[in-house]
1. Compare the Cα positions of C:Ile88, C:Gly73, C:Leu114 along the charge dipole of chain C (+1 at Cβ of Lys, Arg; -1 at Cβ of Asp, Glu; about the Cα centre) and return the one farthest towards the positive end.
2. Which residue, chosen from B:His114, B:Tyr90, C:Ala101, occupies the Cα position most advanced towards the positive end of the dipole of the protein assembly as shown, where the dipole is computed from +1 (Lys, Arg) and -1 (Asp, Glu) charges on Cβ about the Cα centre?
3. Output the relative contact order of segment A:24-65, whole-number percent, from Cα pairs under 8 angstrom with separation of 6+ residues.
4. Using only C-alpha positions, report the orientation-averaged shadow area of the convex hull of segment B:59-115, nm², one decimal.
5. Charges at C-beta only: +1 for Lys and Arg, -1 for Asp and Glu. How large is the resulting dipole of chain B about its Cα centre, in Debye rounded to 20?
6. Show me you know the interface measure: the accessible area buried between B and C, both chains summed, probe 1.4 Å, in Å² to the nearest 100.
7. So for each of C:46-54, C:25-33, A:3-11, C:65-73 I average, over its residues, the number of other beta carbons within 10 Å; can you give me the resulting order with the highest mean first?
8. Taking the Cα centre of the protein assembly as shown as the origin, how large is its charge dipole in debye, to the nearest 20, when only Lys and Arg (+1) and Asp and Glu (-1) carry charge on their Cβ atoms?
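The values are calculated or read from the model by the stated rules, or taken from the named source; none is laboratory data. Bear in mind that the values here come from a model prediction, so they are computed numbers and not experimental data. Ideal geometry is used to build each Cβ from the backbone, glycine not excepted, and the neighbour counts take in all protein chains shown. Keep in mind that these areas ignore ligands, DNA and RNA; they rest on the heavy atoms of the full protein, side chains included. Shrake-Rupley method; radii C 1.70, N 1.55, O 1.52, S 1.80 Å.
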Amino acid sequence: MRVLEPWVADPLAELLRESAARLALVMTASGQVIAQHGFARSLDVMAAAALGAGILASTRELARLTGAGDDFGAVVHQGGERGIWLAGFDTPRGRWVGLVVFGAESSVGLVRLFFEQFAERVAAATPPPRAGREVLAAGFERELDDSLRSLFGSGA
Amino acid sequence: MTDASPPHVAPSQGPVFLDLGERLRLRGQLEAAESVARAGLAHFPALTEAHDLLARILADAGREVEAEAAWTSALGCTPGHVGALKGLAYLAFRRHDLEAAQDRLEAAAAALPHDTAILAALDRVRALRPEASLGTHATFGSPAAGMLLFDAAGLRVAGHADEAGSNAMADAAAAEAAGVTMEAARTARILGLGPWREVIVEGETARLIVVPLDDANGLLVRRPPTTPAGRLRTLAARGLAGARAWLAGDGA
Amino acid sequence: MAGRGRGMSAVAWAALLDEVTAIPGVRAAVVVAADDGLVIHEAAMGDLDSADVAALAAALVRRGARLLGTLGGGRPQVLQLGGAGGTIVAAAGPDPLWLIAVAAPEAELGRLRLLLGDRAGVMR
């Protein structure tokens, strides 16, 4: 497990332990990675973060358009051997997204239960945003590189 | 020279000595019945029914030790043979070993769950066993007891979960039982059920109870599907007492 | 599994679960799918979260089934978790449905077990 924000570490470790998740990714709504577990390559993390944030954003928009509201909870994909849980949650630093990949040893129900606990703990532990810390488009690539270096070490 | 057609056995009709021996037994001609049974056994030493017949004859003759040996041989030929289990239960009952009688009858009932004679006998034996006496027998550690002690890591500490005493099955059961204890503790904690005390699992052909011994160990008890849930609890309580004694060095 | 729990009307489900919660000491009743731990139907959950009960009970059922399978015990029919502050009783219906009740310590467990075993069989 690698984390950029230290207060995410304990809640994420508990989520992984309790839900028996195989992969996990925490990111901002724009796809900036906060923490990851189980991914071996930085490219996979980048792709998963971008896709996850995109899916959640488009699903949210779809829900809004169809009158389902914007509080649609989670997006779940149940495959034959693995399932994917994708859900957003609010923190003092804006909306974050969690992506959890789980196997037959877990279940949608368990992941939902412990993801909710994870989201509550992270929201409670997250300090308010620091002034001037907004990620600007010009600095995004550098921020992303820094993030990936932190998540995978200097070789990323 | 080998006699291809032994007395009382017609090859085309199967071992007819069984029928003859049983008829003699029922007439009370026990000596003749025994000689027929033994002659048949000499030719068919692996024939379960022959051992069963001999055991019944010996039991009628009051030679209970020999009868027990014969029924044990029958079980050796066919594990779970209902006639042998009933016979051994009968012998146990005669010597007032109600626990053993109950164990045998429960095994027989597992094989024939709708046999009213077995169930009636089981009820009778259960009714004769005062609950207070259940804690006095330390059966932990005997494969027949179906009790398995395991640690939190899922490793087998002692005991077995089947009558055959299979180590492979016990190891696998220990691993799975530890998973059950973790799940039980978590469920009880999150749903506010307090410290968990037991998990009972009732299947088509077996009933299980898993109980915590302490922070590091748990106990699994496996019984036939006819075992009442309340008795499972009693067995588990007795098993815990035995396990504590074993861990303290009494049974090591 | 498509269609699970859809063989009964909402009224029939409500009647079944009401029968369970009518037993003194029963705090909640829920029908769950053991494979994904999700709620199919629920009744009288009180302070309990039905989704939590479903997820945790289903996980325990799966664990119990694996243990039973290891020992050649066949398909699980009833599972019971007893704690100092209450009991969960689960009875198997048609796969993957389970009828679950959460009971207080003073509940009549024998009666609850009988009812769950009986009613779980009619779920579809």
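1. Among C:Ile88, C:Gly73, C:Leu114, the one farthest towards the positive end of the dipole of chain C is C:Gly73.
2. C:Ala101
3. 35 percent
4. Its Cα hull, projected and averaged over all orientations, spans 3.7 nm².
5. Result for chain B is approximately 580 debye, rounded to the nearest 20.
6. It comes to approximately 3000 Å² buried between B and C.
7. C:25-33, C:65-73, C:46-54, A:3-11
8. Using only the charged Cβ atoms, the result is roughly 180 debye.
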